[in-house]
Amino acid sequence: MSEPVKRLVEAGRVLAVKRLVEAGRVVAVQEDQDGRRSARITLQDGQLYLHPLLRQPTPVHAHTLQESEVVGVLEPSCTLAFLDLGWAGSTRGRVTIRLTPDTPLARQFVLLCTGQRGHTYCNTKLLQVWHKGEPRECVGGGDYESNDGKGEAPLLPDLQGQYRESSRAGAVWSRWGPRGSRSAQFIITTRDRQDGHQWPDVIGDVVSGLDVVRATVNHSDITEVTVVDCGVVLPL
């Protein structure tokens, strides 16, 4: 087969896969003792998104991929996660977070965005606003266990690592730190600190959608804001 023909064939395969994804017919699956869970793979604005594993019907004639193979293509140095926030019955926007590479808390965040360990941030609510209207303003959420701030046990046995600090808006950090029993709860800062101090145990930074997080601060009841969807961005 000539090189030009090979390129045409490869282009055809890419187009075929793109059409399958756009039709919602490509899913990642994971088998466990309770059966099969599946995760949607979607294409939006040139980005490929992996949604959380849920117990849901697999689309008829869907092309299935093993979840472990899909997540395995993620490079730790460029892992992007997303949280879709909504309230009043509608999704208000997507928050994309670039995670700090090679830190256990960041890996745990990915697990809770993909649902690989059976738990997910999907359908959890935001819990509290701190320092509203002040330079230290931030919001917290992520209690996948009890959804009231009293749960959120760690998924990984050892979360110790080298974590950076930040005083910038958009920093994402663990509310309870790597030693806390509720370490998977997260905080997203909405304003820069101006008191000379920094937030500890930072696991990532918001790269788009900070305006969505800021909008939640002005909602009448922060606990009405939910993570309606979540997942990770797959490299193309």
*Packing-wise, with mean Cβ within 10 Å as the measure, how do 46-53, 63-70 rank, highest first?*
46-53, 63-70
_Structure-derived Kirkwood radius over Cα pairs in Å: which label, when the choices are [x] 18.2; [y] 25.8; [z] 18.7_ = [z]
*Counting only heavy atoms of the protein chains, get the accessible area per residue of the chain (1.4 Å probe) and round it to a whole Å² value.*
51
*Distant-in-sequence amide H partners of S208 (H built 1.01 Å from N, under 5 Å)*: T96
*Cα centroid of region 83-150 to Cα centroid of region 29-52, whole Å*: 19
*Mind telling me which of G161, G35, G204 comes out most flexible in a GNM of the chain, alpha-carbon contacts under 10 Å?*
G35
*Simple spin-label estimate for Q198 and K150 in nanometres, 7 Å along Cα-Cβ*: 3.6
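Taking 0.36 nm per intervening residue step and subtracting the Cα-Cα distance, what contour gain separates L20 from N123 on full extension? Spell out each step's value before the answer.
On the way: separation 103, 0.36 × 103 = 37.08 nm, distance 2.70 nm.
Taking 0.36 nm per residue and subtracting the Cα distance, the gain is 34.4 nm.
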*Short version: ³J(HN,Hα) in whole Hz for each residue of region 90-106, in order, from phi by Karplus 6.51 cos²θ - 1.76 cosθ + 1.60 (θ = phi - 60°), x for Gly and Pro, what are they?*
9, 7, 9, x, 9, 10, 9, 10, 8, 7, 5, x, 6, 10, x, 5, 5
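Okay, helix-only estimate at 222 nm for the chain: each DSSP H run of n ≥ 4 adds -39500 (n - 2.57), divide by all residues, round to 500 deg cm²/dmol; what do you get? Working shown, then result.
On the way: 4 runs with 44 residues, N = 236.
Here the helix-only value at 222 nm equals -5500 deg cm²/dmol.
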_Residue by residue through region 206-219, what is 3J(HN,Hα) from phi via Karplus (6.51 cos²θ - 1.76 cosθ + 1.60, θ = phi - 60°)? Round to whole Hz and write x for glycine and proline._
5, 9, 7, x, 4, 5, 5, 5, 4, 5, 5, 4, 8, 5
*asked:* Can you compute the modelled spin-label distance between R164 and R36, with each label point 7 Å from Cα toward Cβ, in nm?
replied: 4.2
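Let me have the relative contact order for region 59-195, percent, based on Cα pairs under 8 Å that are six or more residues apart. Mind showing how you got there, number by number?
Numbers: 227 pairs, mean separation 25.9, N = 137.
After rounding, I find 19 percent.
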_Out of the total accessible area of region 119-233 (probe 1.4 Å, heavy atoms of protein only), what percent is carbon and sulfur?_
42
*Using θ = phi - 60° and Karplus 6.51 cos²θ - 1.76 cosθ + 1.60, couplings along region 44-50 (whole Hz; Gly, Pro as x)*: 8, 6, x, 10, 9, 10, 9
*All aspartates and glutamates inside 16 Å of K18 as judged from Cα atoms, apart from same-chain residues fewer than 8 positions distant*: E10, D45
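The values are calculated or read from the model by the stated rules, or taken from the named source; none is laboratory data. Model, not experiment: these values are computed from the prediction. We place every Cβ from the backbone using ideal geometry, glycine too, and count neighbours over all the protein chains shown. All accessible areas refer to the heavy atoms of the entire protein, side chains included, with ligands and DNA or RNA removed. Shrake-Rupley method; radii C 1.70, N 1.55, O 1.52, S 1.80 Å.
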